Structure formats: structure tokens, C-alpha cells
1. Among the residues of the stretch 371-381 satisfying the criterion of being surrounded by 20 or more Cβ atoms within 10 Å (Cβ to Cβ) and touching a strand residue (DSSP E or B) at 6+ places or on another chain (Cβ under 6 Å), which is nearest to PRO294 (Cα to Cα)?
2. Determine whether LYS134 is in contact with a helix residue (DSSP H, G or I) (Cβ under 8 Å, 6 or more places away or on another chain), surrounded by fewer than 16 Cβ atoms within 10 Å (Cβ to Cβ), over 22 Å from SER325 (Cα atoms) and basic (Lys, Arg).
3. Where residues in the stretch 340-366 are hydrophobic (A, V, I, L, M, F, W, C) and within 25 Å of the chain's Cα centre (by Cα), which of them is surrounded by the most Cβ atoms within 10 Å (Cβ to Cβ)?
4. Of (1) assigned by TED's automatic domain parsing to the domain that holds GLY48; (2) farther than 26 Å from SER191 by Cα; (3) within 16 Å of the chain's Cα centre (by Cα), ASN428 satisfies all except one. Which?
5. Go over the candidates ILE130, ILE162 one by one and state the one that is β-branched (Val, Ile, Thr), free of Cβ contacts under 8 Å to residues at least 24 places away in the same chain and either part of a helix (DSSP H, G or I) or more than 27 Å from ASN352 (Cα to Cα) (or both).
6. For the subset of the stretch 77-99 comprising residues that are of a type in the set (D, E, K, R) and free of Cβ contacts under 8 Å to residues at least 40 places away in the same chain, which member is surrounded by the most Cβ atoms within 10 Å (Cβ to Cβ)?
7. Taking the conditions exactly as written (surrounded by 14 or more Cβ atoms within 10 Å (Cβ to Cβ) and outside the structural domain of PHE438 (by TED's automatic domain parsing)), does THR69 satisfy them or not?
8. So ALA198 ticks every box in (1) out of contact with any helix residue (DSSP H, G or I) (no Cβ under 7 Å at 6 or more places or on another chain); (2) more than 23 Å from LEU85 (Cβ to Cβ); (3) modelled with pLDDT of 95 or more; (4) not hydroxyl-bearing (Ser, Thr, Tyr) but one. Which box is left unticked?
Amino acid sequence: MDYDVIIIGAGMSGLAAGIRLAMFDRRVCIVERHYNFGGLNSFYSLDGRRFDVGLHALTNYVGAHVRNTPLPKLLRQLRISRDALDLCEQSYSAVSFPGRQMRFNNDIQLLIDEVAREFPAEADNFLRLIENIKAYDDLDLSVQPTSSRRVLAEFFGDHTLIDMLLCPLMYYGNAEQHDMDYTQFVTMFKSIFLQGFARPKQGVRRIIAELVKRYRACDGEFRMKCGVKRITTQDRRVTAIELDDGEVLTADTIISSAGYVETMRLLQGAAGGMDHRPGQLSFIESISVLDIKPVELGIDATIIFFNDAETFTYAKPGDLIDPRSGVICMPNNYERHDDMAEGFVRLTSLANYDRWASLPEDEYKAAKARCYDLAADHAVKFIPEFRDHVIARDIFTPRTIEHYTGHINGAVYGTPHKTRDGKTHLENLFICGTDQGFLGIIGAMLSGISMANAHVLARD
């Protein structure tokens with residue numbers, strides 16, 4: 001079969017790219033190895049319950065009156081109404097370190113006040129940083145990578161404040177260990193602190209259902225449960241895509257959301273392109289179902305980013321997990337979510353893919369249970385003990401992430417080396433999604449749209 005564009009992967013970026021192209025009458029086929037849409041940002045059923053996986057928060061949230069930010073731009077590009085997503089704002093979130101806490105919500109003034117309260121000597125410097133971030137063009141593809149820690153040290157003398165600002169941005173979108181590129185820092189700061197968090201009333205399934213409906217309405221095609229076995233090339237161009245079942249597809253343009261390194265490993269007959277290293281950062285996450293709402297336990301925050309060590313370490317741990325820092329998410333604590341039938345607490349910790357991958361099957365389940373309690377032991381230093389109220393739970397590990405995303409090492413955020421223009425060494429093969437450099441659900445969809453616009457629609 002021949003198409004104008006083949007898109008590898010039915011995650012958020014692939015779906016958005018497909019919609020954008022199909023809207024303009026391109027014949028598009030999205031191929032996906034799994035049976036469900038969304039990649040890691042998806043949902044599943046277990047024992048009669050429906051769980052979101054991946055989505056803690058949709059970042060970049062702004063009110064309906066705001067127009068020139070990522071969320072409204074995305075909705076215009078895909079011709080999706082704001083009401084279709086039914087977004088509910090966070091109550092407030094927090095960054096909690098030993099003896100320190102800064103709250104924030106969808107109004108930057110709260111964080112400004114919190115910095116002034118916790119770090120009075122840095123209050124004016126924080127205002128200067130915000131002005132720098134607002135003026136910074138994080139879409140300029142010519143900007144060279146710069147250490148965020150180095151730039152922040154030019155603003156602040158207090159390293160705890162630097163760590164507290166980095167913690168949520170790293171956990172929600174950083175593929176580098178210990179540091180992050182300043183352009184990425186700016187993008188994440190805008191999306192989390194200058195804009196904010198929301199969640200669809202029905203969770204991530206609401207977003208996926210809307211994207212799939214929109215794509216099909218534009219006559220886009222899917223090939224589900226059809227992974228890509230190899231990509232054949234000749235004369236610096238992709239000539240065909242061979243699926244796992246042996247079927248061969250051809251197209252003028254290929255857009256891959258599978259990851260840069262993962263895509264390069266599919267190539268056959270093309271030298272070059274393997275100059276990026278696989279990512280090393282992966283996570284373990286548990287979803288606990290409670291017989292009580294978190295607010296009844298005294299937990300009213302939506303999300304807590306925590307660290308209980310003397311210094312904040314964001315790196316691949318030597319053990320199965322590093323429980324000293326992480327993310328605690330309470331989905332009930334979004335507005336209009338108080339009617340959820342049960343309570344939920346989600347815990348996220350850094351994890352070592354190699355250690356998890358080497359576990360024999362008979363040890364794997366026990367290791368998950370052991371690490372669940374280890375992560376919870378650290379989390380309850382920042383929230384009340386909740387385990388007595390757990391009536392069900394599920395846990396995913398780096399092995400789960402690798403299975404459902406195909407990302408080498410279960411690296412959620414892909415390679416540290418981002419391909420911001422989406423180009424590869426092949427003339428008609430482009431990268432979108434995580435390894436193009438836009439992260440989060442909104443970022444992923446904008447990545448797909450921007451790559452469709454730049455490398456297909458702009459040519460005509």
C-alpha cells in the first residue's frame with residue numbers, strides 16, 4: 001500500500017501529526033505495535049477499574065481568555081474545541097524538601113510569594129529569572145545547549161532553591177542526569193509554573209478518544225497491532241516500511257514517534273544516524289486505590305514533588321529504585337474530581353532499567369512489592385500514612401515502559417540529545433515526539449503538528 005505519509009506510533013505526537021496531515025487531504029497511515037492508542041499516556045482496565053497510566057497532569061493549562069500559548073494554539077491547529085477536553089484545574093501543588101516547602105498553582109503569584117517567604121534574600125532574583133524566561137525564545141532552533149545549573153547559579157546563591165526549582169521540571173520532562181539544558185528548563189518552567197496543571201474530567205481517555213475521533217473523521221487510517229520490523233532505504237531516502245507480519249508499505253514521507261535511536265535501529269541499507277546515545281532515566285510508578293479520599297486523610301495538594309536527602313539527585317540509581325525523591329499525585333484533588341468513587345495515590349520514583357530487566361520472573365513480583373513499600377516509606381514523610389486504606393494497587397516498572405513505548409532502557413524521556421528540527425540524515429524521514437524535544441502531552445501533540453507543518457505541508 002502506498003501513502004503520502006506513514007507515521008510510526010499512535011502516541012500523542014503521532015495522532016496529532018496524523019490529524020494535521022489528514023485535515024489537508026494527505027493520505028495518512030499510522031502504524032502501531034500495540035492494540036491501544038496513546039503510548040505510555042494511555043489507560044487500561046484491571047479488576048473492573050480503569051486506570052490512567054502516564055498522565056499525572058496536563059501541563060500548559062491556561063484559562064479560556066488566553067490565546068497565544070501552547071494549549072490554545074494546539075486546539076486551533078487540530079480544530080478541537082476546548083470543551084471537548086473538559087479540563088479541570090489543580091487545587092495546588094508543592095515542592096517539598098527537608099524543612100522547606102513551596103506551593104504553586106495556576107497563578108504564578110503564589111510561587112512568587114512562596115519563594116519570598118522561604119528564600120527572602122532571593123525574592124528579587126526570582127523576579128529577574130521570570131523576566132528572563134518570558135523574554136527567552138525557547139523555539140529558536142539555533143540556540144546551543146547550556147547548563148541550567150550554571151545559568152541558575154547566575155541568579156541565585158542558594159543551591160536549595162535551585163534544586164527545588166529543578167525538581168518538578170526534571171521529573172516531568174528531563175532526559176539528562178544531574179542537569180538539564182536551559183532551553184528545556186525554560187519550556188518546562190513556562191508549562192508548569194507560568195501556565196499550570198489540569199486534568200480531563202475523564203482522565204487521559206478523554207484526550208485519546210477525541211484525537212482518534214478527529215483523525216478518523218478526516219479519513220486517516222490505522223494499522224494497529226502492526227509493529228515496524230525494518231525501514232529500507234536507498235540513496236538517502238526511505239523506500240519502504242516492512243511490518244512485523246511481512247506487509248510492505250510505501251510513502252513519500254515517514255514521521256517516526258518511536259524515538260531517534262529506536263528509529264535508527266530499524267534502518268536497513270543506510271549508513272549514519274547513530275550519533276545519539278540512548279537515554280538512561282526510567283521510573284517505577286504505583287497506583288494505590290483507597291477506601292477513603294486523600295482529602296479525608298488531610299492531603300489537599302494535587303501533586304507533591306519531594307526530596308528528603310541533603311541534596312537532590314536526579315540520576316539513574318544504582319539499586320532498583322532511588323526512593324529519596326519522587327512525585328506523589330492525588331488525582332482526586334483536581335477541581336470537579338471529588339465525585340470519584342474511590343481515592344487514588346500515585347507514587348513515582350527513579351528506577352534502574354538494567355536491574356529490573358535482569359530480574360527472573362519469580363523475583364520480579366516480589367521486587368515490585370518491596371519497592372512499593374520503600375517508595376511509600378519516603379512519601380509518608382510528606383503526606384499522612386495511607387497504606388492502611390489501600391484496597392487495590394498496580395505497579396509498573398521500566399520493563400513495562402519499554403514494552404509499551406519501545407524506548408530503549410525504558411527511558412520515558414528518550415535520548416538526552418534532542419533533534420529539535422526533526423530532521424535525520426535521510427531526506428524523507430523525520431522525528432516527532434519525545435526525541436524532537438517537546439515533552440508532556442501538550443508538547444508531544446505540538447511536536448507532531450509542527451513536524452507535519454514543517455516537513456510536509458510547508459513543501460506545498
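The values are calculated or read from the model by the stated rules, or taken from the named source; none is laboratory data. Here the structure is a predicted model, which means the values were calculated and not measured. Glycine gets a Cβ as well: all are built from the backbone with ideal geometry, and neighbour counts include every protein chain shown.
1. The first filter runs over the stretch 371-381 and keeps only residues surrounded by 20 or more Cβ atoms within 10 Å (Cβ to Cβ), leaving 371-372, 375-376, 378-379.
Those left that are additionally touching a strand residue (DSSP E or B) at 6+ places or on another chain (Cβ under 6 Å): 371-372, 375, 378-379.
Numbers: CYS371: 22, TYR372: 18, ALA375: 18, HIS378: 17, ALA379: 14 Å.
Only one residue tops the list, namely ALA379.
2. Values: in contact with a helix residue (DSSP H, G or I) (Cβ under 8 Å, 6 or more places away or on another chain): yes; surrounded by fewer than 16 Cβ atoms within 10 Å (Cβ to Cβ): yes; over 22 Å from SER325 (Cα atoms): yes; basic (Lys, Arg): yes.
Yes.
3. As a first pass, look at the stretch 340-366 and keep what is hydrophobic (A, V, I, L, M, F, W, C): 340-341, 344-345, 347, 350-351, 356-357, 359, 366.
With within 25 Å of the chain's Cα centre (by Cα) added as a condition, the list becomes 340, 344-345, 347, 350-351, 356-357.
Working: MET340: 14, PHE344: 20, VAL345: 25, LEU347: 24, LEU350: 24, ALA351: 27, TRP356: 23, ALA357: 15.
This residue is ALA351.
4. Looking at each condition in turn, ASN428 falls short on (3).
5. Values: ILE130 fails: free of Cβ contacts under 8 Å to residues at least 24 places away in the same chain.
So the residue among ILE130, ILE162 that is β-branched (Val, Ile, Thr), free of Cβ contacts under 8 Å to residues at least 24 places away in the same chain and either part of a helix (DSSP H, G or I) or more than 27 Å from ASN352 (Cα to Cα) (or both) is ILE162.
6. Let us first name the residues in the stretch 77-99 that are of a type in the set (D, E, K, R), namely 79, 82-83, 86, 89.
When the remaining residues are screened for being free of Cβ contacts under 8 Å to residues at least 40 places away in the same chain, the result is 82-83.
Numbers: ARG82: 12, ASP83: 8.
The selected residue is ARG82.
7. Working: surrounded by 14 or more Cβ atoms within 10 Å (Cβ to Cβ): yes; outside the structural domain of PHE438 (by TED's automatic domain parsing): no.
Considered against the rule, which asks whether it is surrounded by 14 or more Cβ atoms within 10 Å (Cβ to Cβ) and outside the structural domain of PHE438 (by TED's automatic domain parsing), THR69 comes out as no.
8. Unmet for ALA198, out of (1) out of contact with any helix residue (DSSP H, G or I) (no Cβ under 7 Å at 6 or more places or on another chain); (2) more than 23 Å from LEU85 (Cβ to Cβ); (3) modelled with pLDDT of 95 or more; (4) not hydroxyl-bearing (Ser, Thr, Tyr): (2).
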